[in-house]
1. Which value at 222 nm does the chain reach when only helices count, each DSSP H run of 4 or more adding -39,500 (n - 2.57), with the total divided by all residues and rounded to the nearest 500 deg cm²/dmol?
2. How much accessible area per residue does the chain have, in Å², with a 1.4 Å probe?
3. Going toward the positive end of the dipole of the range 139-281, with +1 on Lys and Arg Cβ and -1 on Asp and Glu Cβ, which of Thr246, Leu226, Leu206 do you reach last?
4. What percent do you get for the relative contact order of the range 109-221 when only Cα pairs under 8 Å and 6+ apart count?
5. About the Cα centre of the range 66-180, how large is the charge dipole given +1 on each Lys and Arg Cβ and -1 on each Asp and Glu Cβ? Please answer in debye to the nearest 20.
6. Enumerate the whole-percent occupancy of each 10 Å bin, from 0 to the last occupied one, for all C-alpha pair distances of the chain.
7. Relative contact order for the chain: what percent, with Cα pairs under 8 Å and sequence separation of 6 or more?
8. Quick check: net charge around Ser274, other residues with Cβ under 14 Å of its Cβ, Lys/Arg +1 and Asp/Glu -1?
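The values are calculated or read from the model by the stated rules, or taken from the named source; none is laboratory data. Keep in mind the model is a prediction, meaning the values are calculated, not measured. Here Cβ is always computed from backbone atoms with ideal geometry, including for glycine, and neighbour counts include all displayed protein chains. Ligands, DNA and RNA are excluded from the accessible area calculation, which covers all protein heavy atoms including side chains. Shrake-Rupley method; radii C 1.70, N 1.55, O 1.52, S 1.80 Å.
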Amino acid sequence: MQENKIGWIMVLLIMFVTANSYAQNPWQQDKGEALISPYISHYRASSFRSRNGEKIPFQDEGLFTNYNPRLYFSLPLKGYKVNFFGSIPLFINKFDDTQQSQKNVDLGDLELGGRFHIRQLKNHYLMGAITAFVPAYQNNNLPYTGFERFGMEGRLILAGNSPWMGESNNFHKIEGAFRQFFPGGPSQTRVYASQGLRITSKIVLLGELDGIISFSNESQFFENNLQLVSDFTMVKAALNIGYEFTPDFSLYGGTFHDILNRNSGIGSGFQVFSVIRMKSK
(Lines give C-alpha, C1' and ligand atoms only; values in the text may rest on other atoms or scores of the structure.)
Protein backbone atom coordinates (compact mmCIF):
# COMPACT_ATOMS: atom_id res chain seq x y z
CA MET A 1 0.00 0.00 0.00
CA GLN A 2 1.62 3.23 -1.10
CA GLU A 3 -0.05 5.30 1.63
CA ASN A 4 2.08 3.55 4.23
CA LYS A 5 5.29 4.49 2.42
CA ILE A 6 4.99 8.21 3.12
CA GLY A 7 3.44 9.08 6.44
CA TRP A 8 5.68 7.94 9.30
CA ILE A 9 8.10 10.86 9.17
CA MET A 10 5.29 13.19 10.18
CA VAL A 11 4.74 11.37 13.49
CA LEU A 12 8.46 11.39 14.29
CA LEU A 13 8.98 15.11 13.79
CA ILE A 14 5.75 15.89 15.61
CA MET A 15 7.18 14.02 18.60
CA PHE A 16 10.54 15.80 18.29
CA VAL A 17 8.92 19.24 18.36
CA THR A 18 7.25 18.36 21.66
CA ALA A 19 10.63 17.40 23.14
CA ASN A 20 11.19 21.03 24.15
CA SER A 21 8.33 20.80 26.66
CA TYR A 22 8.69 19.73 30.26
CA ALA A 23 6.42 16.68 30.17
CA GLN A 24 7.63 13.59 31.99
CA ASN A 25 7.76 11.94 28.57
CA PRO A 26 8.52 14.75 26.09
CA TRP A 27 7.66 12.48 23.15
CA GLN A 28 4.01 12.43 24.25
CA GLN A 29 1.39 15.17 24.51
CA ASP A 30 0.72 16.01 28.15
CA LYS A 31 -2.38 17.41 29.89
CA GLY A 32 -3.57 20.65 28.26
CA GLU A 33 -1.63 20.04 25.03
CA ALA A 34 -2.87 19.16 21.56
CA LEU A 35 -1.18 18.82 18.22
CA ILE A 36 -2.30 18.82 14.57
CA SER A 37 -0.29 18.40 11.38
CA PRO A 38 -1.60 19.04 7.85
CA TYR A 39 0.39 16.96 5.36
CA ILE A 40 0.65 16.35 1.61
CA SER A 41 2.87 14.05 -0.43
CA HIS A 42 3.36 13.16 -4.08
CA TYR A 43 4.44 9.71 -5.28
CA ARG A 44 5.17 8.43 -8.78
CA ALA A 45 6.29 5.13 -10.30
CA SER A 46 6.88 4.03 -13.91
CA SER A 47 8.54 0.65 -13.26
CA PHE A 48 8.65 -2.20 -10.75
CA ARG A 49 10.92 -4.99 -9.58
CA SER A 50 9.90 -8.60 -9.91
CA ARG A 51 10.39 -11.13 -7.12
CA ASN A 52 13.90 -11.92 -8.39
CA GLY A 53 14.89 -8.24 -8.47
CA GLU A 54 14.53 -7.57 -12.20
CA LYS A 55 13.56 -3.97 -13.02
CA ILE A 56 10.66 -3.91 -15.48
CA PRO A 57 9.09 -0.75 -17.00
CA PHE A 58 5.30 -0.52 -16.91
CA GLN A 59 3.72 -1.59 -20.18
CA ASP A 60 2.68 1.02 -22.76
CA GLU A 61 4.70 3.78 -21.04
CA GLY A 62 2.54 3.48 -17.94
CA LEU A 63 2.85 5.98 -15.08
CA PHE A 64 1.21 5.74 -11.64
CA THR A 65 0.96 8.98 -9.62
CA ASN A 66 -0.50 9.72 -6.23
CA TYR A 67 -1.24 12.86 -4.21
CA ASN A 68 -2.02 12.21 -0.56
CA PRO A 69 -3.25 15.09 1.64
CA ARG A 70 -3.97 14.06 5.22
CA LEU A 71 -4.53 15.53 8.66
CA TYR A 72 -2.77 14.03 11.70
CA PHE A 73 -3.74 14.82 15.29
CA SER A 74 -2.56 13.78 18.75
CA LEU A 75 -3.95 14.64 22.21
CA PRO A 76 -3.67 13.26 25.74
CA LEU A 77 -6.27 10.95 27.24
CA LYS A 78 -4.48 10.31 30.54
CA GLY A 79 -1.77 12.92 30.52
CA TYR A 80 1.48 11.87 28.91
CA LYS A 81 0.87 8.21 29.74
CA VAL A 82 -1.85 7.68 27.11
CA ASN A 83 -2.25 9.66 23.88
CA PHE A 84 -5.07 9.35 21.38
CA PHE A 85 -3.96 9.93 17.79
CA GLY A 86 -5.37 9.62 14.32
CA SER A 87 -4.93 10.38 10.64
CA ILE A 88 -7.58 11.30 8.06
CA PRO A 89 -6.26 10.71 4.50
CA LEU A 90 -7.44 11.63 1.02
CA PHE A 91 -6.03 9.97 -2.09
CA ILE A 92 -5.81 11.30 -5.62
CA ASN A 93 -4.60 8.30 -7.63
CA LYS A 94 -3.96 8.36 -11.37
CA PHE A 95 -2.65 5.84 -13.90
CA ASP A 96 -1.90 6.76 -17.52
CA ASP A 97 -0.48 4.80 -20.42
CA THR A 98 -0.84 4.91 -24.18
CA GLN A 99 -4.09 2.91 -23.99
CA GLN A 100 -6.00 4.42 -21.08
CA SER A 101 -6.26 7.06 -18.38
CA GLN A 102 -7.69 6.26 -14.94
CA LYS A 103 -8.25 8.59 -11.98
CA ASN A 104 -9.77 8.08 -8.55
CA VAL A 105 -10.28 10.61 -5.73
CA ASP A 106 -11.40 9.06 -2.45
CA LEU A 107 -10.73 8.81 1.26
CA GLY A 108 -8.30 6.15 2.48
CA ASP A 109 -8.04 4.10 5.67
CA LEU A 110 -8.81 6.17 8.74
CA GLU A 111 -6.10 5.56 11.36
CA LEU A 112 -7.17 5.75 15.01
CA GLY A 113 -5.10 4.56 17.93
CA GLY A 114 -3.56 4.90 21.34
CA ARG A 115 0.11 5.49 22.13
CA PHE A 116 1.30 4.50 25.60
CA HIS A 117 4.25 5.53 27.76
CA ILE A 118 5.88 2.33 29.10
CA ARG A 119 9.02 3.54 30.85
CA GLN A 120 11.97 5.89 30.71
CA LEU A 121 15.42 4.41 30.03
CA LYS A 122 17.90 7.22 30.84
CA ASN A 123 17.92 9.33 27.65
CA HIS A 124 15.31 7.16 25.90
CA TYR A 125 11.62 6.47 26.20
CA LEU A 126 9.96 3.14 25.48
CA MET A 127 6.42 3.40 24.12
CA GLY A 128 3.80 1.15 22.57
CA ALA A 129 0.95 1.87 20.19
CA ILE A 130 -2.18 0.09 19.01
CA THR A 131 -3.79 1.36 15.81
CA ALA A 132 -7.00 0.49 13.96
CA PHE A 133 -7.30 1.02 10.20
CA VAL A 134 -10.89 1.60 9.08
CA PRO A 135 -11.62 1.85 5.32
CA ALA A 136 -13.62 5.00 4.57
CA TYR A 137 -14.08 4.16 0.88
CA GLN A 138 -15.37 1.54 -1.52
CA ASN A 139 -13.17 0.08 -4.22
CA ASN A 140 -15.50 0.88 -7.11
CA ASN A 141 -13.20 3.08 -9.17
CA LEU A 142 -9.61 2.46 -10.35
CA PRO A 143 -6.93 3.02 -9.12
CA TYR A 144 -8.10 1.87 -5.69
CA THR A 145 -7.06 3.61 -2.47
CA GLY A 146 -6.51 0.50 -0.34
CA PHE A 147 -7.43 -3.08 0.49
CA GLU A 148 -10.94 -2.15 1.73
CA ARG A 149 -10.29 -4.32 4.79
CA PHE A 150 -10.19 -3.57 8.50
CA GLY A 151 -6.69 -3.67 10.00
CA MET A 152 -5.02 -3.71 13.41
CA GLU A 153 -1.41 -2.92 14.28
CA GLY A 154 0.78 -3.26 17.36
CA ARG A 155 3.97 -1.22 17.58
CA LEU A 156 6.96 -0.78 19.92
CA ILE A 157 8.81 2.55 19.84
CA LEU A 158 12.17 3.54 21.32
CA ALA A 159 12.97 7.25 21.01
CA GLY A 160 15.62 9.46 22.52
CA ASN A 161 18.89 11.29 21.94
CA SER A 162 22.66 10.80 22.21
CA PRO A 163 24.24 12.99 24.92
CA TRP A 164 27.66 12.80 23.23
CA MET A 165 26.12 14.66 20.26
CA GLY A 166 24.47 17.27 22.49
CA GLU A 167 21.52 17.23 24.88
CA SER A 168 18.95 18.87 22.61
CA ASN A 169 20.35 19.02 19.08
CA ASN A 170 19.83 15.40 18.01
CA PHE A 171 17.27 12.62 18.21
CA HIS A 172 16.71 9.12 16.90
CA LYS A 173 13.88 6.65 16.80
CA ILE A 174 13.46 2.93 16.15
CA GLU A 175 10.12 1.19 15.61
CA GLY A 176 8.99 -2.37 15.06
CA ALA A 177 5.40 -3.18 14.14
CA PHE A 178 3.11 -5.97 13.04
CA ARG A 179 -0.09 -5.23 11.11
CA GLN A 180 -2.91 -7.62 10.18
CA PHE A 181 -5.82 -6.99 7.83
CA PHE A 182 -9.13 -8.88 8.07
CA PRO A 183 -10.42 -11.04 6.51
CA GLY A 184 -7.66 -12.91 4.73
CA GLY A 185 -4.70 -10.56 5.23
CA PRO A 186 -2.24 -9.36 4.26
CA SER A 187 0.06 -9.63 7.27
CA GLN A 188 2.77 -6.97 7.39
CA THR A 189 6.00 -6.56 9.35
CA ARG A 190 7.44 -3.07 9.52
CA VAL A 191 10.79 -1.64 10.71
CA TYR A 192 11.54 2.08 10.90
CA ALA A 193 14.71 3.96 11.92
CA SER A 194 15.64 7.63 11.81
CA GLN A 195 18.29 10.10 12.88
CA GLY A 196 17.69 13.82 13.25
CA LEU A 197 20.07 16.70 13.83
CA ARG A 198 19.37 20.34 14.68
CA ILE A 199 21.99 22.26 12.67
CA THR A 200 20.86 25.74 13.81
CA SER A 201 18.38 27.01 16.36
CA LYS A 202 15.71 26.96 13.62
CA ILE A 203 16.73 24.26 11.12
CA VAL A 204 16.42 20.46 11.56
CA LEU A 205 17.72 17.73 9.22
CA LEU A 206 16.26 14.23 9.29
CA GLY A 207 17.26 11.00 7.54
CA GLU A 208 15.08 7.89 7.71
CA LEU A 209 14.72 4.30 6.56
CA ASP A 210 11.31 2.62 6.37
CA GLY A 211 10.97 -1.08 5.54
CA ILE A 212 7.95 -3.31 5.11
CA ILE A 213 7.48 -6.99 4.30
CA SER A 214 3.91 -7.84 3.33
CA PHE A 215 2.76 -11.48 3.22
CA SER A 216 -0.30 -12.64 1.31
CA ASN A 217 -1.58 -15.51 -0.84
CA GLU A 218 -2.79 -12.80 -3.23
CA SER A 219 0.57 -12.39 -4.93
CA GLN A 220 -0.43 -10.67 -8.19
CA PHE A 221 1.24 -7.37 -9.11
CA PHE A 222 -1.00 -4.62 -10.56
CA GLU A 223 0.97 -1.86 -12.25
CA ASN A 224 -2.16 0.32 -12.61
CA ASN A 225 -3.26 -0.31 -9.02
CA LEU A 226 -0.20 -0.31 -6.76
CA GLN A 227 -2.11 0.14 -3.50
CA LEU A 228 -3.87 -3.18 -4.00
CA VAL A 229 -0.61 -5.17 -4.21
CA SER A 230 -0.48 -7.17 -1.00
CA ASP A 231 2.56 -9.50 -1.26
CA PHE A 232 5.77 -7.47 -1.53
CA THR A 233 8.97 -6.18 0.09
CA MET A 234 9.96 -2.52 0.13
CA VAL A 235 12.55 -0.26 1.79
CA LYS A 236 12.34 3.52 1.44
CA ALA A 237 14.95 6.18 2.24
CA ALA A 238 14.13 9.84 2.85
CA LEU A 239 15.90 13.12 3.58
CA ASN A 240 14.00 16.06 5.04
CA ILE A 241 14.61 19.60 6.29
CA GLY A 242 12.47 21.59 8.70
CA TYR A 243 12.25 25.22 9.80
CA GLU A 244 10.76 26.25 13.15
CA PHE A 245 9.14 29.66 12.72
CA THR A 246 8.00 29.64 16.36
CA PRO A 247 8.05 26.98 19.12
CA ASP A 248 4.44 26.20 18.14
CA PHE A 249 4.65 26.29 14.33
CA SER A 250 7.09 24.48 12.05
CA LEU A 251 7.22 23.64 8.34
CA TYR A 252 8.99 20.61 6.85
CA GLY A 253 9.72 19.25 3.40
CA GLY A 254 11.71 16.42 1.89
CA THR A 255 12.19 13.78 -0.78
CA PHE A 256 12.00 9.99 -0.66
CA HIS A 257 12.94 7.10 -2.94
CA ASP A 258 12.51 3.33 -2.82
CA ILE A 259 15.92 1.64 -2.49
CA LEU A 260 14.81 -2.02 -2.27
CA ASN A 261 11.80 -3.60 -3.96
CA ARG A 262 10.38 -7.05 -4.58
CA ASN A 263 7.04 -7.38 -6.39
CA SER A 264 6.67 -3.63 -5.82
CA GLY A 265 6.59 -0.42 -7.80
CA ILE A 266 9.83 1.60 -7.78
CA GLY A 267 8.66 4.95 -6.51
CA SER A 268 9.91 8.37 -5.49
CA GLY A 269 8.40 11.66 -4.49
CA PHE A 270 8.23 14.53 -2.04
CA GLN A 271 6.32 15.52 1.09
CA VAL A 272 5.46 18.83 2.80
CA PHE A 273 3.78 19.30 6.16
CA SER A 274 3.44 21.64 9.11
CA VAL A 275 3.41 20.96 12.85
CA ILE A 276 1.05 23.07 14.96
CA ARG A 277 1.07 22.83 18.76
CA MET A 278 -1.73 24.15 20.94
CA LYS A 279 -1.86 24.58 24.72
CA SER A 280 -4.77 25.49 26.93
CA LYS A 281 -4.22 28.47 29.23
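1. Dividing the helical sum by the residues of the chain leaves -1000 deg cm²/dmol.
2. 44
3. Thr246
4. In percent, rounded to a whole number, it is 17.
5. 540
6. Per 10 Å bin, starting at zero, the Cα-Cα P(r) for the chain comes out as 7, 29, 36, 20, 8, 1 percent.
7. 18
8. 0
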